[in-house]
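**Student:** Shown below is the structure under consideration.
The values are calculated or read from the model by the stated rules, or taken from the named source; none is laboratory data. Not measured: the values here are computed from a predicted model. Every residue, glycine among them, receives a Cβ derived from its backbone with ideal geometry; neighbour counts consider all protein chains shown. When the accessible area is computed, the model is the full protein with side chains, heavy atoms only, and any ligands, DNA or RNA have been set aside. Shrake-Rupley method; radii C 1.70, N 1.55, O 1.52, S 1.80 Å.
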Amino acid sequence: MFLAVIMICGMLAGCQSKSEPAPQETNGAAADDTKKEDAGEAAKPEESKAPEEGKDLPKIACLLNGNLGDKSFFDSANAGMKLIKDELGCETNVIEMGFDNTVWETTLYEVSDQDYDIIIVGTYQMQEVLEKVALEYPDKKYIIFDSAVSYDKEDYSNVYSISFKQNEASYLAGALAAMIAADDSLPLSNGEKMISVVAAMDIPVLNDFIVGYIQGAEDTVPGTKVAVSYIGDFNDTAKAKDLAKAQFNLGSSVAFNVAAQAGLGMIEAAAQNERYAIGVDADQAMALKETQPDQSKVIVTSVLKNIDQVLLLSVKRHIEGTLPYGKEEALGMEENAVGLAVNEVYDGIATADMKSKVEELQGKIQAGEIKVPSAFEMSEDEISQMKSSVAP
Amino acid sequence: MGQILEIIFTADFLHSIIRLSTPILFATMAALISERAGVINIGIEGTMLFASLMGVVGSAFTGNVWLGVLCAVVSGIAFSGLLSFFHLKLETDIVLTGIALNLMSSGLTIFILYILTGDKGVSTQLASKAVPNINIPLIQDIPVLGSILSGHSVLTYLAFFLVIALAIFLKKTKLGTYIRAVGENSDSVETAGISVNMVRLKALLISGAISGLGGAFMSMAYVNMFTKDMVAGRGFIALAAEAMGRGVPGLSMLSALFFGMADALSNNLQLFNMPSELTRLMPYAFTIVALGIYAAREQRKSKA
């Protein structure tokens, strides 16, 4: 009896990822309803939809190599798929593959065998898998976000790669953090010109955040010290909290979360030690506003990665026939792919001078007057040199 | 270098060692009690993880932090009961069963979290309670020492109290003596007419209860939320700490503190741009050295 219960529990846990398409479809149905209502105002509900279907809309699958519920990265991709379904009317399916990397390749093969027109994957962890599978299915179209396949090695004319210029938004975050750390009139800043980062792992895509952050701080307030700590994984919330506490004890006034979910521990440390935090990927101040108001109010801003908007735009371009497959595109502030979260917390903490400086820098980056260094274009030595030049 | 020493000799640093050691200390004591009964409880990691979720859930639904802790302890006992059932009743291999239960715990916690909140990563939607920190009268007034020893979570003090309690329990009580006897020579206990399995079951259930406290500390004191796989190997490090402490409560506590110190050191050295690969290695390098010493000692013992 006991055994039976356990087996059932195990099976349910195992089915978790597979059972996902079902709720997805109910969402779609709900979306269709709202669509009809909207269209109802435009007089002819049924006919307005007909020409769209006639255009032969692509059928899209999105494979996530993790689980939904991270309040940032994967949730944003999922939101993008919903937008595609609601706004473009495409048939979409989101598949959560979980964190077990042994099933990623087989899942991608399985999905490629089915009748999807576009298959979307993300992160550097899927890059190698995609490089293998995409060659075997030249008729399928693939989109990979937050990473790129090696176009110089093989012919990937069916793959479109999207990388984010997270360094640009991080540059603004660094500038803001440095200004806060230099201003002891702010209640939670000590004016010691020290800021910090808690990152999950020492990998290029996260270092890209750090490089931009450091450069932004140095350009705006020269001589600012930046303490950088790595957790070693994306899970250990408790460790993130301790790393942040160590940074605050050393004198850092603002800590930047580059660790998605584990970084929530860092935000908790900031609230306890009464210092400022900067969130990542999604607007974390607003995400925590309801349940953790004391944490929400120390999150000055968040470096946003608008994966949802970018995916929507890509599929739109696919339908128009203008999506450049066989190419990598780096999307930045201009395309609204990255940016800083401006919300009530930001308005409450940042002074008028700080806000206008951030806006000025944003304008310069968009106009190409400021070239923000990128970790993807730097060697490991250059990155570690940059970090040690600003280490406390 | 001077800057590093400056950090190490601050009260904040020593305070953080105690905080970092607490979950390892709970897990070490959990490992100790089962090990003394002759069973290696590999499942501590999963037990703690399960308990840390149940603590959050319990405190959120009852609105009472102590009922949450109770919930964590009970679920720790239940999880260990499961391990005991497989190992003692069905005679499965303890290591394999432990690993299987750890894996199950990882998935099951996410599953439960998803059912309750619709989230699969963090429990921030549940308004869970935090175990309060307490200042100890008198001690908190002593200059440096006060700021190191006072102001910790109630559970931290409980962990250190548990070390003393376990030492007395093993030495002075009947069950404690049986547990030691079973661990040292189960055959002679059997001939004395005492059920070895019954003694081991009790030891494993106590181990589960202590793991439950460790889990409660992770999600209700260390940080105030449950996140997926948040125990992050602390249950395994405890096995090494217990081995290094040779199953003696006092020595095991010292080795748990040693691991806590390695952790705190690695957290702080990173600030001075020491390569993170190197500093993160430290707790694990200590584990390997400790296990090596333990193995060598065992080998010498078996030769003698």
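**Student:** May I ask you to list the residues in the range B:93-104 that are farther than 17 Å from B:ALA51 by Cα and open to solvent by 50 Å² or more (accessible area, probe 1.4 Å)?
**Tutor:** B:ASP93, B:VAL95, B:LEU96
**Student:** One residue is enough: does the range B:215-237 have a residue meeting the conditions over 30 Å from B:ILE110 (Cα atoms) and more than 13 Å from every other protein chain (Cβ to nearest Cβ)?
**Tutor:** Looking through the range B:215-237, none of the residues is over 30 Å from B:ILE110 (Cα atoms) and more than 13 Å from every other protein chain (Cβ to nearest Cβ).
**Student:** Please identify the pairs in which a residue from the range A:147-158 that is closer than 20 Å to A:SER374 by Cα has its Cβ atom under 7 Å from the Cβ atom of a residue that is open to solvent by less than 60 Å² (accessible area, probe 1.4 Å) and polar (S, T, N, Q), counting only partners at least 6 apart or on another chain.
**Tutor:** Sorted first by the residue in the range A:147-158, then by its partner, the pairs are A:SER147/A:THR123; A:SER147/A:GLN127; A:SER147/A:SER161; A:SER147/A:SER163; A:ALA148/A:SER161; A:ALA148/A:SER163; A:VAL149/A:GLN127; A:VAL149/A:SER161.
**Student:** Quick check on B:LEU83: is it farther than 25 Å from B:PRO132 by Cβ, assigned to a helix (DSSP H, G or I) and open to solvent by 10 Å² or more (accessible area, probe 1.4 Å)?
**Tutor:** For B:LEU83, the condition - farther than 25 Å from B:PRO132 by Cβ, assigned to a helix (DSSP H, G or I) and open to solvent by 10 Å² or more (accessible area, probe 1.4 Å) - is not met.
**Student:** On to the next question. Output yes when any residue across the range B:125-138 is facing chain A (nearest Cβ under 9 Å), over 19 Å from the mean Cα position of the chain (by Cα), within 19 Å of B:ALA51 (Cβ to Cβ) and in a helix (DSSP H, G or I), and no when none is.
**Tutor:** No, the conditions are met nowhere in the range B:125-138.
**Student:** Among the residues of the range B:112-124 satisfying the criterion of being touching a residue at least 40 places away in the same chain (Cβ under 8 Å), assigned to a loop (DSSP other than H, G, I, E, B) and not hydroxyl-bearing (Ser, Thr, Tyr), which is farthest from A:SER296 (Cα to Cα)?
**Tutor:** Filtering the range B:112-124 for residues that are touching a residue at least 40 places away in the same chain (Cβ under 8 Å), assigned to a loop (DSSP other than H, G, I, E, B) and not hydroxyl-bearing (Ser, Thr, Tyr), the one farthest from A:SER296 (Cα to Cα) comes out as B:LYS120.
Okay, residues lined up against (1) open to solvent by less than 10 Å² (accessible area, probe 1.4 Å); (2) of a type outside the set (D, E, K, R); (3) touching a residue at least 60 places away in the same chain (Cβ under 8 Å):
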| residue | (1), (2), (3) |
| --- | --- |
| A:ASN190 | no, yes, yes |
| A:PRO204 | no, yes, yes |
| A:VAL211 | yes, yes, yes |
| A:ALA217 | yes, yes, yes |
| A:ASN235 | no, yes, no |
| A:PHE248 | yes, yes, no |
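**Student:** Pick from B:THR47, B:THR28: which is open to solvent by less than 30 Å² (accessible area, probe 1.4 Å) and touching an Asp or Glu at 6+ places or on another chain (Cβ under 6 Å)?
**Tutor:** Just one listed residue meets the conditions, B:THR28.
**Student:** Which count do you get for residues in the range A:283-308 that are closer than 11 Å to A:ASN257 by Cβ and within 12 Å of chain B (Cβ to nearest Cβ)?
**Tutor:** Residues flagged as closer than 11 Å to A:ASN257 by Cβ and within 12 Å of chain B (Cβ to nearest Cβ) within the range A:283-308 amount to 1.
**Student:** Given the conditions (1) at pLDDT below 95; (2) at negative phi; (3) open to solvent by 10 Å² or more (accessible area, probe 1.4 Å), report the number of the one that A:ARG275 does not fulfil.
**Tutor:** Result: A:ARG275 passes all but (1).
**Student:** Looking only at the range B:258-283, filter to residues that are open to solvent by 60 Å² or more (accessible area, probe 1.4 Å) and either facing chain A (nearest Cβ under 10 Å) or of a type in the set (Val, Ile, Thr) (or both); which one of those is nearest to the chain's Cα centre (by Cα)?
**Tutor:** The residue in question is B:LEU281.
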